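Working notes, structure below.
The values are calculated or read from the model by the stated rules, or taken from the named source; none is laboratory data. Since the structure is predicted, the reported quantities are computational estimates derived from the model, not experimental observations. So basically every Cβ, Gly included, is an ideal-geometry build from the backbone, and we count neighbours across all protein chains shown. These accessible areas exclude ligands, DNA and RNA; they are computed on the full protein's heavy atoms, side chains included. Shrake-Rupley method; radii C 1.70, N 1.55, O 1.52, S 1.80 Å.
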Amino acid sequence: MIKTDCHLHSTFSFDGSSDAESETVRAIELGLDCICFTEHNDYGIEDGGSFVVDTPAYRDNIIRLKEKYSGQIEILFGIEAGLQPTENVFSYFSAYLKEWDFDFVIGSSHVVNNVDPYFPEFFDDYADDDAACRAYFEEELMNASMYEDYDSYGHLDYILRYGSSGNHSFTYEKFADVLDPLLKTIISHGKCIEINSAGFRKGMDQPNPHMDILRRYHDLGGLPPTVGSDAHASEDIAADFDRTARVLLSAGFGSYSIFRKRIRSEIPL
Ligand SMILES: [Zn+2]
Ligand SMILES: [Zn+2]
């Protein structure tokens, strides 16, 4: 059983609905050994899409919770950095990540050209869902090629949660010309990818990323993924982790990765 959840949002994130203490209590009830909060920092999105967590307040609260629940659960201090392939965003994160002593940094793509695929109108700009997916993966390839200050690339096929048919018509082969260089770049930089169990809750019968991406990442020599539920509410903490463990095993992994003070270690499945 996976007893570590390294992708959690609380009310410190704009879209979190449970406070961090309730989530901590829930994680203890579930018997987890360790949780890592990874609140949003989506700096530099145009048209009002940016959100930057109140980092001083967030960090103070982590310190308080660590003390209060010491001996019951390990609590880690992480961030989900919303990556965009611009010098402005990369230099911002380079400075921001030097300023704060995070345990774990997820680099995630939440937008393509400043628009989040969460919004149905995102897809209006593309001929079909496959064209939108291709644009999303191409932007991730730019991010991964230009920027290395992250530990694990989050929900690599986040876009498959959305669109009218994206996750039903996905095949690795269709996008191999972009996904292969993306995975190879991540691997060659010594980074992990994440297995994010929210895909199961978002109408996919897959985690993010899709099993076929995980399998290819494994076969290319990728490090064991990090694991997170991407919960924004207490009830989703560690959701579908049994299915997630089965997917990891069937992709060929015998362990998963966890970061403390940006240093990776492995936990057997
Ligand atoms: Zn995300
Ligand atoms: Zn997230």
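Side notes on the structure shown:
- Per-pair calculated FRET efficiency, R0 = 22 Å: E21 and K261 via Cβ, rounded to 0.05: 0.40
- Listed residues N208, N114, N196, most fluctuating in the chain (Gaussian network, C-alpha, under 10 Å): N114
- Within the chain, C34, C133, C192 have no other Cys Cβ under 4.7 Å of their Cβ and so lack a disulfide-compatible partner by this rule.
- Measuring r between the beta carbons of N114 and I28 and using R0 = 41 Å, the FRET efficiency lands at 0.55.
- Rounded to 5, the percent of DSSP beta bridges in the chain classed as antiparallel: 30 percent
- GNM flexibility winner over the chain from H155, H110, H189 (Cα, springs under 10 Å): H189
- From phi via Karplus (6.51, -1.76, 1.60), per-residue ³J(HN,Hα) for region 19-36 in Hz, x at Gly/Pro: 7, 5, 5, 4, 5, 5, 4, 5, 4, 5, 4, 6, x, 6, 8, 7, 10, 10
- Environment charge at F12 (Cβ cut-off 9 Å; Lys +1, Arg +1, Asp -1, Glu -1): -3
- Axis of helix 172-188 versus longest Cα principal axis of the chain: the two differ by about 50°, to the nearest ten degrees.
- Table column - 3J(HN,Hα) (Hz), region 62-74, Karplus curve with 6.51, -1.76, 1.60, x for Gly and Pro: 4, 4, 4, 5, 4, 5, 5, 10, 4, x, 9, 7, 8
- For the chain, the spread of Cα positions along each principal axis, largest first, Å: 52, 41, 33
- Taking G154, G190, G71 as the candidate residues, the one with maximal mean-square fluctuation in a Gaussian network model of the chain, Cα springs under 10 Å, is G71.
- Accessible surface for region 53-208, divided over its residues, is 39 Å² per residue with a 1.4 Å probe.
- Among 175-181, 95-101, the peptide with the highest mean count of other Cβ atoms within 10 Å heads the list, and the full ranking is 175-181, 95-101.
- For L76, distant residues with modelled amide H under 5 Å away: I35, C36, F37
- Computed label-point distance, nm, for sites S50 and D242 using a 7 Å Cα→Cβ extension: 4.5 nm
- In the chain, the longest principal axis of the Cα atoms and the axis of helix 87-99 are about 20 degrees apart.
- Three-way shape call for region 150-269 based on the alpha-carbon gyration tensor, with the a/c threshold at 1.5: oblate
- The label-point distance for D219 and E148, in a model that sets each label 7 Å from Cα toward Cβ, rounds to 2.8 nm.
- 26 Å Cα-Cα threshold exceeded, pairs from K174/K261; K68/K191; K3/K66; K68/K202; K66/K261: K174/K261; K68/K191; K68/K202
- For the chain, the longest principal axis of the C-alpha atoms and the axis of helix 241-251 are separated by about 50°.
- Taking a ≥ b ≥ c as the square roots of the eigenvalues of the Cα gyration tensor, region 103-170 is classed as prolate, since a/c reaches at least 1.5 and a/b is larger than b/c.
- Mean residue ellipticity at 222 nm, helices only, the chain: -11500 deg cm²/dmol; runs of at least 4 DSSP H residues each add -39,500 (n - 2.57), and the sum is divided by the number of residues.
- Between the C-alpha center of region 160-211 and that of region 22-92 there is a gap of 23 Å.
- Take the Cβ atoms of E121 and R201, set R0 to 30 Å, and the FRET efficiency comes out at 0.85.
- Cβ-defined net charge surrounding H40, 9 Å radius [Lys, Arg +1; Asp, Glu -1]: -4
- Per-residue HN-Hα couplings for region 253-269 [Karplus 6.51, -1.76, 1.60; θ = phi - 60°; Hz; x = Gly/Pro]: 8, x, 7, 10, 9, 9, 10, 10, 6, 6, 9, 8, 9, 10, 10, x, 7
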